[in-house]
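We did not get these values from a lab; they are worked out from the coordinates using the rules stated. In this text, all values refer to a predicted model and were calculated from it rather than measured experimentally. Note: ideal-geometry Cβ built from the backbone for every residue, glycine included; neighbour counts use all protein chains shown.
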Amino acid sequence: MTSDFQSWAKDRQTKIENYLESRLPALNFVPERLHNAIRYSVLGGGKRVRPLLAFAAGELVGADSERVTVVAAAVELIHAYSLVHDDLPCMDNDVLRRGKPTCHIEFDEATALLTGDSLQTLAFELLAEKRLADSPETQLSMIAQLARASGSRGMAGGQAFDLDSVGKTLTLPELEFMHIHKTGALIRAAVMLGANCASHLNQDQLDQLDHFAKCVGLAFQVVDDLLDAEATTDTLGKTAGKDADNNKPTYVSILGINQARELAERLQHDADQVLDSFGASAVRLRQVTDFIVKREF
Ligand code: GRG
């Protein structure tokens, strides 16, 4: 990771943190316990990978950074909601997230449920309240895009497939189907929403960018599986080794460590190739992809 990319990423992470901080209800607003749990679950943690992708896509098209900040925050709120719900006893039943107790452990299950609900609706409030695209039609399509990516045809559907697959043997295409939905859909939305903040790309270019995002979404998941198998709980800030403990099919369980690592590198190569036609303006997208594939947590 170059120092130039490090300072670019730090700057965007700070920007997103400040914006989220300003948009989450204050601790002293009633109901205080819920607002406390909301801030606890969103602020001061996470790599902010999806916002970084939205910023990088926004820079590809020369979009206004204030617009991109809003869409990046909306995607991060959906992501934060998914983590809070995923950690609940009825789903993954985990006690550690981002290096601290999960929301339902720190608060309680009902508060965690309401935290996720509130984060999800706040994401759409942000997307709908002011101009974020050059045309109202594009902005409407962005709202629909995030809704689709989050719902039963996207992330929530992928999660249902995941819950159903515990203890089963999946084929590689089935595993890919699950992750294209569970993790990939939101990553694609981050890229496409960032790019839609300006209307500089034609449909063919938007399709290419979507293909790039699909490769990155899968690469993200392959690396997530590798880290679950290889890294420690301390480094990850979440319980390591859970996939094997829970008998979950993963890229590591199907391919083994070496082939899974090769697959992540191949997906990065494919993603990079798609970006060739965009020239130098795609540099940040390449760098964020590299960060995703080489990350250690
Ligand atoms: C509950 C509707 C619903 C969906 C949950 C995304 C998801 C679906 C569950 C998260 C569980 C999980 C560990 C998925 C694997 C990939 C993933 C999303 C990892 C966490 O994302 P990071 O690494 O987390 O970007 P940070 O904390 O850095 O934001």
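Scalar couplings 3J(HN,Hα) for the range 37-43, obtained by applying the Karplus form with A = 6.51, B = -1.76, C = 1.60 to θ = phi - 60°, are 5, 5, 5, 4, 7, 10, 8 Hz; x denotes Gly and Pro. Shape descriptor for the range 188-281: Rg over Rh equals 1.09 (Cα atoms; Rh from the Kirkwood inverse mean 1/r).
Contact order, relative form, for the chain: 22 percent (alpha carbon pairs under 8 Å, 6 or more residues apart, mean separation divided by residue count). Counting every alpha-carbon pair across the range 24-164, the share separated by more than 19 Å comes to 54%. Per-residue packing, averaged as other Cβ atoms within 10 Å, sorts the ranges 254-262, 112-120 into the order 112-120, 254-262, beginning with the highest.
What separates the Cα centres of the range 176-222 and the range 41-74 is a distance of 14 Å.
Just the Cα atoms of the chain, one point each, no solvent: what log10 I(q)/I(0) does Debye give at q = 0.10, 0.13 Å⁻¹? For the chain, the Cα-only Debye profile gives -0.51, -0.90. R0 = 35 Å: FRET efficiency of R266 with F29, Cβ-based, nearest 0.05? So the FRET efficiency works out to roughly 0.15.
Here the range 161-200 is treated as a sphere whose radius is the Kirkwood value from Cα pairs; by Stokes-Einstein at 25 °C and 0.890 mPa s it diffuses with a coefficient of 209 µm²/s. The mean sequence separation of alpha-carbon pairs under 8 Å and at least six residues apart, normalised by the residue count of the range 62-172, gives a relative contact order of 27 percent. Mean projected area of the convex hull spanned by the Cα atoms of the range 54-99, taken over all viewing directions: 3.9 nm².
Go ahead and collect, in residue order, the members of the range 56-87 whose backbone nitrogen is under 17 Å from a label point 7 Å along the Cα-Cβ direction of M1. Counting backbone N atoms under 17 Å from the label point, the list is 56. In whole angstrom, note down how far apart the Cα centers of the range 261-291 and the range 142-160 are. Taking the Cα centre of each part, the range 261-291 and the range 142-160 sit 25 Å apart.
Scanning residues 5 or more positions from R97 or on other chains, those with amide H under 5 Å from its amide H are T102, with H placed 1.01 Å from N in the peptide plane. For the range 84-222, divide the Cα radius of gyration by the Kirkwood radius and give the resulting Rg/Rh value with two decimals. Result for the range 84-222 is an Rg/Rh of 1.02. For the range 166-174, putting each phi into the Karplus relation 6.51 cos²θ - 1.76 cosθ + 1.60 with θ = phi - 60° gives couplings of 4, x, 9, 9, 9, 7, 4, x, 5 Hz, in residue order, rounded to whole numbers and with x for Gly and Pro.
Computed from the C-alpha gyration tensor, the three semi-axes of the ellipsoid equivalent to the range 85-130 are 24, 11, 9 Å, from longest to shortest. Structure note, pairs K168/K242; K15/K47; K47/K248; K10/K47; K182/K248; K15/K294: Cα-Cα distances above 20 angstrom occur for K47/K248; K15/K294. Based on DSSP H segments of at least four residues, each scored -39500 (n - 2.57), the chain has a per-residue ellipticity at 222 nm of -22500 deg cm²/dmol. Model label points for T239 and L206, set 7 angstrom from Cα along the Cα-to-Cβ axis, are 4.2 nm apart.
Between Q273 and T138, the modelled label-to-label distance comes to 3.0 nm, taking each label 7 Å out from Cα in the direction of the beta carbon.
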